[in-house]
Amino acid sequence: METPVSEATDTTTTALRSRKAQKKAQKGSEESATVNEQRSPSMETAVKERHHKLKSDEPEKRSPAEAISERNGAFEEVDDRFSISIRLQFNAATVGLFLVSFLTRFYRITHPRGVVFDEIHFGKFVSLYLKNTFYFDQHPPLGKLMIAGAAGAVGYSGSFEFPKIGSEYDASVPILALRFVPALCGSLLAPIVYSILRQVKLGQGVSILGGLLIILDNALLTHSRFILMESMLLFFAALGILTVLKFLQADPFSARWWTLGTIASASLTAAVCVKFVGFYSYLLAMYIIGRHVWMELPDRRRSNASILLKVITKSLLILGVSLAVYIGCFYLHFATLYKAGPHDNVMTSAFQASLEGGLASITKGQPLRVQHGSQITLKHTHGRVCWLHSHTHVYPIKYKDGRGSSHQQQVTCYGFKDVNNWWIVKRPNKDSLMVDDEPDYIEHGDVIQLVHGVTSRALNSHDVASPMSPLCQEVSCYIDYNISMPANLLWRVELLNGKESKNKWHAITSQVRLVHVNTTAALKYTGEQLPDWGYNQFEVAADRRQQTIDTIWNVEEHRYTQHKDKKDVLNKLLATEMIPTEPTKLSFWNKFSELQLKMLLHADKLESHMYSSEPHEWPLMDKGIAYWIDGDSNAQVHLLGNLVIWYSATMAIVLYVAFLVFYLIRRRREIYDLEPVEWDRFRLGGEIFLAGYLIHYLPYFFMERTLFLYNYLPALLFKVMLLCFVVDHCQLALRKFVKQSTLVIGIFRAIVVAWFSGVLYFFQRYSVLSYGTTALSADDVLELRLKDTWDLIVHKP
């Protein structure tokens, strides 16, 4: 019989101090024995034990509050009180699962001694952290920060460049330290899954089975051994769900309640800080909490004020901790990355100028305020990095769809620095393009013309459809062909952050929208790529829908146009207002808000990859991913899951839904096969595990981006737990509804043992693709290829 030891912070000593335990102790030895039976390692469910006299745990008469708690299923625990003295104790199951998982994850972890798959990206980010050099990634930084911390702790300087997949690490790279954090998080996942299953009152045997399935899945093993983010994402998500379940069991407003609520919020937010898809786990946790509140509402012993106070307190606790963790993560990110780097141009000019050695070193000494005669480059502020550009080539007379153009000079958005990116700001009432003796500064609301510096033609728009975006107007540089197409060259300056500069147009910092005076359309980067006649540059158009993020520009480089004999005037102007030669100051909040926007705008939209896959292919694992291959043999790392686990878990989803439909139809006929506690517990398992699976899986059907098999791993986690739940419920169903249940259950357990043997066999057979340590012949590789869609690599006979 299992020793009644708490899996987290509860202890037998604490339980005996509780009032409920004292009450049961007074009932005599029969009830005391029953408590032990509740926590036995038998694979029988706690619900079944309550309703069979041989293993009866029938409670004495309960108060209405206790009855409501019982109907909450997994949200009941033996002791809900907090003791002043807390002792952390771990039972043999959690320790054993961790040790086995640790051995599988850390076995020869320094092999391969080369860059594996996305280590090429995450390894670069880690190196940039250690060199304090700014980088841009579409996901939050926590995972990379943790790995960088481990690598920095052993003295790694970030010198390795991670040039390509398969590149050998040199002696300066601490491979163990770089792969340590993902492997440790992967090792902790199995005992956490075990604890979650115990929290929903599954038997110890089935819960141990759940932990073993996590250990024996080849895909989870592979992703835990390299510089990849998924094992950290799964660790924080699972820990968050576990602590949420414990949080809902704790005595409200006790020290334990506050502690668990804080840990739960921090863990779930940490999952989001590793990858944005961690938000799905956050949503699941909020649903579990909301469900618990809903189940408490029928308790008339609780006043409206107490329920409202509890809900508000929970909300403030979760929101406060989540904001603190999320913002703190980015604060550390910015504090570490203060030098200019290769990804600076993704950010706004103001952000670049705040970095050491960044844009400020390029633009130092240039004028701050824009005026008549200013030569400027206009950068698209948000989204893709490019500059307003023109060249001598003209739009084709007709496009492929038969529409005509103005046949005037092309205006585009070009992604590189170029002499054709320069424009001159001109007042419409002045003929000269030179600066005046007295500065004529441009302010918010002023009307200007923009003259292309190389071709001397002015920026123009008119009622002609744009080549790639027919709902927008064409933008061109006006050429006078002596035809009936008048010049529309006037643009109004609208400063979106004018309050910061007192409505003065400043280089770098001012965000400007240029509105065409004649048509009220705003100059816009459309995101569409022009064909060969436009040299595959990006389209610029004018859109009457002004309030979009792609109509925002800023001046990056700036100088004054002058005659040779006006050097004294130039020196006078340069002595007035200059951009600082030192890095400009940008507040944390400005950096934070800008980076959030950039991460959303730069979502990964890569073209199809040879190892990419679609969501409908994931449940049956139709396609894997080649991560690494040895140059001297066919030894390789290939992402494939444990086929037995994946297929069984998929069948478990179908079986659970079948059970649910069967029970609902029977209950509609007022035939109640399950007792109220059993029914509530059955629903709870589905609402946590099935809902968790769907929340983490279905959104990918609506994503317009390149997807890979590893995107399925969070959903797989919940699918495996649902599989264990279904195995447990099958035993309950057999015991309740089948005659000679002992024999049938024996047969069922024999089937489970045989199935688990298949799990072990597949894990052992395909572990060569997880570790990559075994040289394979071409025949060996072909034997491992169970599906034609598995693209295992053979390059040696």
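Annotations
- Sorted on the mean count of surrounding Cβ atoms within 10 Å across their residues, most packed first, peptides 500-508, 222-230, 659-667 read 222-230, 500-508, 659-667.
- Å² per residue, accessible surface of the stretch 366-578 at 1.4 Å: 44 Å²
- Portion, in percent, of the accessible area of the stretch 366-578 that falls on carbon or sulfur, probe 1.4 Å: 50 percent
- Net charge of neighbours whose Cβ lies under 12 Å from the Cβ of residue 129, counting Lys and Arg as +1 and Asp and Glu as -1: +3
- Taking all Cα-Cα distances within the stretch 82-203, those exceeding 20 Å account for 54%.
- Intensity falloff of the stretch 211-318 expressed as log10 I(q)/I(0), Debye formula with alpha-carbon point scatterers, at q = 0.15 Å⁻¹: -0.69
- Amide H within-cut-off set for residue 412, under 5 Å, with H built and near neighbours excluded: 389, 390
- Packing rank of 144-154, 712-722, where each peptide gets the mean count of other beta carbons within 10 Å, highest leading: 712-722, 144-154
- Amide H contacts under 5 Å for residue 557, placed H, 5+ residues apart: 377
- Using only alpha-carbon positions in the stretch 439-493, the gyration tensor eigenvalues give semi-axes of 23, 15, 11 Å once each is multiplied by 5 and square-rooted (largest first).
- Using 0.36 nm per residue and subtracting the Cα-Cα separation, the extra length available between residue 164 and residue 419 on full extension is 88.5 nm.
- Peptides 272-280, 380-388 ranked from most to least packed, by the mean per-residue count of other Cβ atoms within 10 Å: 272-280, 380-388.
- For the pair the stretch 459-528 / the stretch 722-791, the C-alpha centres are spaced 64 Å from each other.
- Reference-scaled alpha-carbon Rg (2.2 N^0.38 Å with N residues) for the stretch 153-240: 1.36
- Normalised alpha carbon radius of gyration of the stretch 450-562 [divisor 2.2 N^0.38 Å]: 1.12
- Approximate shape of the stretch 647-797 as ellipsoid semi-axes (Cα gyration tensor, √5λ), whole Å, largest first: 38, 22, 11
- 30 Å Cα-Cα threshold exceeded, pairs from 275/502; 426/502; 144/164: 275/502
- Relative intensity of the stretch 245-295 on a log10 scale, I(q)/I(0) at q = 0.20, 0.21, 0.23 Å⁻¹, equals -0.70, -0.76, -0.86, per a Debye sum over C-alpha point scatterers of equal strength in the absence of solvent.
- Per residue, the convex hull spanned by the alpha carbons of the stretch 581-692 comes to 267 Å³.
- In this structure the stretch 743-797 gives 56 Å² per residue of accessible area when probed at 1.4 Å with all protein chains present.
- Local electrostatic count, residue 231, Cβ distance below 9 Å [Lys/Arg +1, Asp/Glu -1]: +1
- For residue 336, net neighbour charge (Lys/Arg +1, Asp/Glu -1) across residues whose Cβ lies under 14 Å away: +2
- Pairs of Cα atoms farther than 20 Å apart, the stretch 366-578, %: 55 percent
- Set 201/719; 591/623; 417/585; 499/524; 400/623; 719/739 screened for pairs whose C-alpha atoms are more than 29 Å apart: 591/623; 400/623; 719/739
- Added length on full extension, which subtracts the Cα-Cα distance from 0.36 nm per residue, residue 172 to residue 788: 217.7 nm
- Trypsin sites (Lys or Arg not before Pro) within the stretch 681-717: DSSP coil, no more than 14 neighbouring Cβ in 10 Å: 705
The values are calculated or read from the model by the stated rules, or taken from the named source; none is laboratory data. These numbers come from a predicted model, not from an experiment. In this analysis, Cβ positions are derived from the backbone assuming ideal geometry, glycine residues included, and neighbour counts consider all displayed protein chains. What goes into the accessible areas is simple: the full protein's heavy atoms, side chains included, and nothing from ligands, DNA or RNA. Shrake-Rupley method; radii C 1.70, N 1.55, O 1.52, S 1.80 Å.
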